[in-house]
Amino acid sequence: MKLYSFFASGTSYRTRIALNLKGLDYELVPVNLRGDEGLKSADYRALNPMGAVPTLVTDKGVLTQSTAIIEWLEETYPEPALLPKNAEDRAWVRALCSIVACDIHPVNNRRILQYLQNDLGCSPEQVDEWARRWLKDGLGAMEQMLASDPRRGVYCYGNSPGLADVYLVTQLAGAKRFKLDMSPYPTLQAIGDACAKLEAFQKAAPAKQPDFVA
Ligand SMILES: N[C@@H](CCC(=O)N[C@@H](CS)C(=O)NCC(=O)O)C(=O)O
């Protein structure tokens, strides 16, 4: 499998973690989000018409959209399972994932932040404040949900890493990038610390990618 990925992209990061947790080998193809080529090239858009990362090329075809890719991985490589066995708990875990995938990431995506700054004239400080605003909403909800949930263990759900951890960790990185005060989120921080001890998460980290730039 070939994963088109950008080191600092949260959606690439979540896909890398999921691939690693499944123990799958993949070739990483870096795509430069900051350059003039990469995402904008006609060749890349033929693979991914949104011109975004990630894209996973498999022997069964080309997959786009990280949530679809990750669900495909879970269905195609069921072990180790990243989702719980019963439907209610799966809905719970997917709700946690959706806070990241639908409520935080889309409004803090690079192209949105660039539009705020380049087209609407927001200052870099205002753009950072925007990003923190939506991080606070989403992470606040996750903290509230997880702090009192009896199903929480070392990780978001139980004592094995799962899908909610995959999504959460990428937004903890986002929070760090935008210098969000993390003191209101002790539960999330503890889960993030537990994930950081696992090789699957370590190998997927932005700083470990071949295209990493400090
Ligand atoms: N919903 C898509 C979002 C993909 C996406 O927008 N990825 C970002 C990086 S995290 C990207 O490629 N952005 C390009 C840009 O903003 O110009 C997914 O989950 O795959």
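Structure summary
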read-out: Given (1) buried (at least 18 other Cβ atoms within 10 Å of the Cβ); (2) closer than 27 Å to Q65 by Cβ, index of the condition V107 fails; value: (1)
read-out: Among residues of segment 156-195, those that are of a type in the set (G, A, S) and over 23 Å from P106 (Cβ atoms), counted; value: 5
read-out: Every residue from segment 1-16 that is over 14 Å from D165 (Cα atoms), more than 8 Å from the ligand (Cβ to nearest atom) and not in a loop (DSSP other than H, G, I, E, B); value: K2, L3, Y4, S5
read-out: First in segment 148-172 and surrounded by fewer than 18 Cβ atoms within 10 Å (Cβ to Cβ), second anywhere and aliphatic (A, V, I, L, M), Cβ under 7 Å, 6 or more apart; value: V154/A194
read-out: I104 vs. criteria under 22 Å from L146 (Cβ atoms), among the aliphatic types (A, V, I, L, M), out of contact with any Pro (no Cβ under 9 Å at 6 or more places or on another chain) and within 12 Å of the ligand (Cβ to nearest atom); value: yes
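Conditions (1) touching a Leu at 6+ places or on another chain (Cβ under 7 Å); (2) closer than 24 Å to A18 by Cα; (3) outside the structural domain of F178 (by TED's automatic domain parsing); (4) at pLDDT 95 or above, marked per residue:
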{"residue": "C102", "(1), (2), (3), (4)": "no, yes, no, yes"}
{"residue": "L120", "(1), (2), (3), (4)": "no, no, no, yes"}
{"residue": "S123", "(1), (2), (3), (4)": "no, no, no, yes"}
{"residue": "E129", "(1), (2), (3), (4)": "no, no, no, yes"}
{"residue": "R132", "(1), (2), (3), (4)": "yes, no, no, yes"}
{"residue": "D137", "(1), (2), (3), (4)": "no, no, no, yes"}
{"residue": "A141", "(1), (2), (3), (4)": "no, yes, no, yes"}
{"residue": "R152", "(1), (2), (3), (4)": "yes, yes, no, yes"}
{"residue": "S160", "(1), (2), (3), (4)": "no, yes, no, yes"}
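The values are calculated or read from the model by the stated rules, or taken from the named source; none is laboratory data. These figures come from a predicted structure and were not determined experimentally. Neighbour counts run over all protein chains shown; Cβ positions are idealised from the backbone, glycine included.
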